[in-house]
Amino acid sequence: MAEIATAAPVPAAPPSRLAKTLRALVAQPKVIWGGGFILFLLLLALAAPFIAPHDPLAQDLMAGTLPPVGFAEHDAAYLLGTDDLGRDVLSRLIYGTRIALTVAVIAAVLAALVGTILGLLAGYYGGIVDTVVSRLIEIWMAFPPVLLSILVVAIMGSGVTSVIAAIAIIDWTRFARVVRAETMAQAQADYVTAARTLGFGRLAILFREILPNVAPVLLALLTLEMGIAVIVEAILSFVGLSVSSDTPTWGGMIAQGRQIIYQAWWVFAAPLAALFATVLAFNQLGDGLRRALDPVMQR
Amino acid sequence: MTVPLLAVSHLNAVVGRAGNAPVLRDVSLTIARGEVHGLVGESGAGKSTIAKAILGILPHGIRITGGSIALEGEDLLTFDAVTLRQKLGPAVSLIPQDPQTALNPGRRIEAQLTDGLRLWKGMSAKDAHARALQLLEEVQMREPARVMRSFPHELSGGMRQRVLIAAAFALEPKLVIADEPTTALDVTVQKQILRLIRSMQERHGTGVVFVTHDLGVVAQICDRATLLYMGKVMEQGNVSDLLNKPRHAYTKALMEACPRYDQPGRGLAPVPEEVFAACRAEIAAFDQAGAGHG
């Protein structure tokens, strides 16, 4: 429990808001390493052409299924080995972060946007609005998500856009459910009544009074959703519904590696490890953010 | 003959459909400018219902079936929701019961104090900030600048209640409704808060409806009081008369039930069953008479 630091509690000058928030963020080890890893991935994605040691698509059949460095018969030029077509696993992994992060961020934000708006309205207005949204959520959740995403991709055609659309269309219910419940709880509180007596309209109360109290949960959910989106993208790539095979993705690598798992396990293991670490990092970041930003949980 | 600040007359309300058991039975009361009026009664007596009816925030189940609530001669019950907020927003404010939940936990004190100022006075952020700071000083808050930047959970219960009082008086309202503002507080803090409400009220010339179940509090702060039982006015008048020369048996019994620190050995007598029976009989007779007329 080394992270329980007892810093001197007497600040010389009252810290500004930003400084206070930053300090709270830095005090969370989960934010540091979860966020650090995501930042590292972001850097990889942006600078992939400069960092990747090989062209991720260049085939070299003479150098097929070479094991990673450290194993027998490895080639030092291929740090994580090569697949059956002789493509560099490390380079493909690095290029794979591009699709993974793009999908994660955009899809999660879209799902959050749709889910939050519907959840806020359902939770605050109740009545017919709530009934409609709640039934919609139930119907949505009764539908198998993989089937739904295949449907979306089938209609829109394969590609990053349809993968993003599919994830947003499937996962808005996560946000809507949580936000609705949270909004209902907040709407009971006296401060909402106080705002009403002060003469604020319903929308003003919803967005100015209630939303800030839902925000910490929302933020945590958003980062969790990014982790989920990475997995869903991998699943869709795995079943061949994501981007075309000439763009390296982690899911596509896993699918390909599965076929040659007995000859070249590393083709399978490397993207799996990357996927695992990324999802873990997103989850940890989400938890850390929630702890750091929720004013009630702050000390 | 001047129009009273607030005149509630013959207010009737029921839970659910008309014809159900009433929660308010022909309640009438008037409040003059600058008067502190106590609404006293046990739980379920309808004191909070009256307060909420004035503010137009009755819960969905409760319906007003008759009577009027006039603020400076204008019947509030005839307004639609938007007009009502226009009228009430700057004129009537609320000091809520529980300072724990009455402040938004996710917003800083500054934001919550300046809301009303910016909405109704059209102040700039800077002016509103200055005014809010001034208000916090007026409610004797220590380190007002620091409090402004704080979140509610960083303040104690008494401090939060001071913030709420500052917010209630921020717009110079004509009427403040204090809904058991000291119930959730420690006894020592209670006294400070009562003094504070009284001094703010005197300085601003505000009328106050003070909802409480504590006759001791009424004696300390109120000019006049209305005593309710099961939604019916039992006795009404100046506090000194009410407490020294109670006419109604229920008031007398309540006085006997009040702990008396000045007279050890008196007080804390439970209200006798006959008194309750008499009260209930009075209410039954009233309901009968109402049914006969209506």
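The values are calculated or read from the model by the stated rules, or taken from the named source; none is laboratory data. As the structure is a prediction and not an experimental result, all values here were calculated from the model. Heads up, the Cβs are rebuilt from the backbone with ideal geometry, glycines too, and the neighbour counts pull from every protein chain shown.
Working only within the stretch B:25-47, note down all residues that are in a strand (DSSP E or B), in contact (Cβ under 8 Å) with a residue 40 or more places away in the chain and within 20 Å of residue B:75 (Cα to Cα).
B:25, B:26, B:27, B:28, B:29, B:31, B:37
Would you be able to tell me the number of residues in the stretch A:146-161 that are surrounded by 14 or more Cβ atoms within 10 Å (Cβ to Cβ) and either touching a residue at least 60 places away in the same chain (Cβ under 8 Å) or not in a helix (DSSP H, G or I) (or both)?
Residues flagged as surrounded by 14 or more Cβ atoms within 10 Å (Cβ to Cβ) and either touching a residue at least 60 places away in the same chain (Cβ under 8 Å) or not in a helix (DSSP H, G or I) (or both) within the stretch A:146-161 amount to 7.
All but one of (1) closer than 30 Å to residue B:21 by Cα; (2) surrounded by 17 or more Cβ atoms within 10 Å (Cβ to Cβ) hold for residue B:183; state the number of the condition that does not hold.
Status for residue B:183: all satisfied but (2).
Kindly indicate which of A:197, A:173 is more than 30 Å from residue B:172 (Cα to Cα) and of a type in the set (S, T, N, Q).
Details: A:197 fails: more than 30 Å from residue B:172 (Cα to Cα).
Just one listed residue meets the conditions, A:173.
Can you name the residue in the stretch B:10-42 that is surrounded by fewer than 13 Cβ atoms within 10 Å (Cβ to Cβ) and under 20 Å from residue B:57 (Cα atoms) and is also modelled with the lowest pLDDT among such residues?
B:18
Among the residues of the stretch A:171-209 satisfying the criterion of being surrounded by fewer than 23 Cβ atoms within 10 Å (Cβ to Cβ) and among the acidic types (Asp, Glu), which is farthest from the other protein chains (Cβ to nearest Cβ)?
Looking at residues that are surrounded by fewer than 23 Cβ atoms within 10 Å (Cβ to Cβ) and among the acidic types (Asp, Glu), I get A:182.
Condition test on residue A:212, is it under 27 Å from the mean Cα position of the chain (by Cα), without any contact (Cβ under 8 Å) to a residue 12 or more places away in the chain, within 23 Å of residue A:130 (Cα to Cα) and within 14 Å of another protein chain (Cβ to nearest Cβ)? Can you show your working first?
On the way: under 27 Å from the mean Cα position of the chain (by Cα): yes; without any contact (Cβ under 8 Å) to a residue 12 or more places away in the chain: yes; within 23 Å of residue A:130 (Cα to Cα): yes; within 14 Å of another protein chain (Cβ to nearest Cβ): yes.
Yes: the conditions hold for residue A:212.
Restricting attention to the stretch A:146-204, which residues are under 20 Å from the mean Cα position of the chain (by Cα) and closer than 30 Å to residue B:167 by Cβ?
Within the stretch A:146-204, A:179 is the sole residue that qualifies.
Taking the stretch B:178-193 as the region of interest, how many residues are closer than 22 Å to residue B:51 by Cβ, not aliphatic (A, V, I, L, M) and not in a helix (DSSP H, G or I)?
So the answer is 5.
Please go through the stretch A:261-271 and pick out each residue that is within 18 Å of residue A:78 (Cα to Cα) and of a type in the set (A, V, I, L, M, F, W, C). Can you show your working first?
Initially, the stretch A:261-271 is screened for residues within 18 Å of residue A:78 (Cα to Cα), giving A:263-271.
Correct list: A:264, A:265, A:266, A:267, A:268, A:269, A:270.
Of the residues A:129, A:114, A:133, only one is assigned to a helix (DSSP H, G or I) and either polar (S, T, N, Q) or without any contact (Cβ under 8 Å) to a residue 40 or more places away in the chain (or both); which?
Details: A:114 fails: either polar (S, T, N, Q) or without any contact (Cβ under 8 Å) to a residue 40 or more places away in the chain (or both); A:133 fails: either polar (S, T, N, Q) or without any contact (Cβ under 8 Å) to a residue 40 or more places away in the chain (or both).
Checking each option against the conditions leaves just A:129.
Within the stretch B:219-226, is even one residue of a type outside the set (A, V, I, L, M, F, W, C) and at pLDDT below 80?
no
What helices (runs of 4 or more DSSP H), lying completely within the stretch B:52-168, carry at least 1 residues that are more than 8 Å from every other protein chain (Cβ to nearest Cβ) and of a type in the set (Val, Ile, Thr)? It would help to see each step written out before you state the result.
Numbers: elements: B:81-91, B:99-102, B:109-120, B:125-138, B:144-149.
Result: B:81-91, B:109-120, B:144-149.
Go through (1) modelled with pLDDT under 85; (2) in a loop (DSSP other than H, G, I, E, B) one by one and return the number of the condition residue B:173 breaks.
Only one criterion is unmet by residue B:173, namely (1).
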